[in-house]
Amino acid sequence: MMTKRAPLASAAALLSVAWAAAALTLPTVAHAGSPAPAPGASTPGSSASGVGPETQTGSPATAAPSLIPNPYASGSAQAGATKAAVCFSCHGPDGNSQNPVWPRLAGQNAVYIAQQLHLFKAGIRQNPVMQPMAAGLSDQDIDNLAVFFAAQTPQGLEADPSYWKPGRALYLQGEVKRGIPGCVACHGPLGRGNPAAGYPALEAQQSVYVVSQLQQYANGTRYSGPNAASATPNSIIMFDIAKRLTPEDMRDVASYVQGLR
Ligand code: HEC
Ligand code: HEC
């Protein structure tokens, strides 16, 4: 399934490994046969067609959503701002939600936002509140919303002083003995994630939400379906890591990332 490709930057190379894994379980992804540009990198003269959600239009309901949308190429933040009005009641007017169980979207990378919206729409990421919100969005709406929220400035609560120190150690160093990699490797020193690869930002994220997602990865419920753990090219990473975290680890690291800016 994988086509020959030119040498890629390290983030993209990491991703191509994930792609190889994804291709094993999802042999019909629209990406196959395309020249495999680094997602998020918009090459002049080329559109997102190989990686964009458009290529999935009309595919059967059982098909996986487009795995690596490239909203940076086709999204309009201005159009997204209009569409986003309906999201503000929960995610806050600028994507900084006030409710600890509703995630912050401000400053989240657009590739990740778009991917998650496609997953809600397809019912692979299940949530009774978000699924109806995503159901009516077109591929273009998703790209527009993704770049709009990505352009907002993350703000929010600070780290809890009782927990963030052990959380910082785990975030920066992981714990070799238990096979836990430092979160910093993928989520970055400031929690900004990796926009090209679609690794989510964690900075200023609500700690309650972060704990709930770590629990869902650990117990395998973040995504549903026959290949839940590889529902996205990237998700298998977190299914594995979260299983190694104790409830205290989750609490501590969530507190630390909530304070990251
Ligand atoms: C009624 C409240 C509500 C509204 C309105 C709402 N959301 Fe959500 N959203 C949620 C909740 C709750 C979650 C967390 C779901 C979970 O725990 O899996 C969420 C999760 C998300 C996520 C995943 C974030 C992440 O970090 O993984 C995205 C993206 C998102 N919403 C986008 C939107 C967009 C775009 C809109 C408007 C079209 C919208 N939401 C409207 C409540 C809402
Ligand atoms: C090897 C790369 C990598 C490492 C190391 C890593 N993550 Fe992740 N993380 C990811 C990717 C990729 C995703 C998105 C997965 C998906 O598609 O569901 C993610 C998702 C998450 C999410 C969900 C974010 C959201 O908005 O819903 C949380 C929370 C998270 N990681 C926390 C951590 C913590 C805490 C650590 C360290 C103990 C860690 N991650 C280590 C790559 C990594």
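Quick note: the coordinates plus some simple rules give every number you see, no bench work behind them. Everything numeric here is computed off the predicted structure, so don't read it as measured data. Neighbour counts run over all protein chains shown; Cβ positions are idealised from the backbone, glycine included.
Considering all projection directions equally, how large on average is the shadow of the alpha-carbon convex hull of region 150-232, in square nanometres? In nm², the orientation-averaged hull projection of region 150-232 is 6.8. Look at where the Cα atoms of region 64-126 and of region 182-200 average out, and the two centres are 18 Å apart. Packing, as the average of other Cβ atoms within 10 Å across residues, places the peptides 202-210, 97-105, 124-132, 141-149 in the order 141-149, 202-210, 97-105, 124-132, highest first.
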